[in-house]
């Protein structure tokens, strides 16, 4: 699984700090989800919350 979060954030002109604020998490959590390993370890609930916070579908956050 490959993370597409960096691409999604760039397309929407969002910063990791803003996404962290929206989710109520530390910026390091958002950074971890930008990595392939981090996105693969995220729960479905986390992915759903992340997708809502950035305005995309869960499937947009990664590629297989």
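Here, each number is a calculation from the coordinates, and none is a lab measurement. Worth saying up front: this structure is predicted, and the values here are computed from it rather than measured. Cβ: placed from backbone, ideal geometry, glycine included. Neighbour counts: every protein chain shown.
Filter segment 15-33 down to the residues that are over 17 Å from residue 48 (Cβ atoms) and in a loop (DSSP other than H, G, I, E, B), then identify the one that is farthest from the chain's Cα centre (by Cα). For segment 15-33, the residue satisfying everything is 26. If only residues of segment 34-62 that are assigned to a loop (DSSP other than H, G, I, E, B) and in contact (Cβ under 8 Å) with a residue 40 or more places away in the chain are counted, the one that is surrounded by the fewest Cβ atoms within 10 Å (Cβ to Cβ) is 55.
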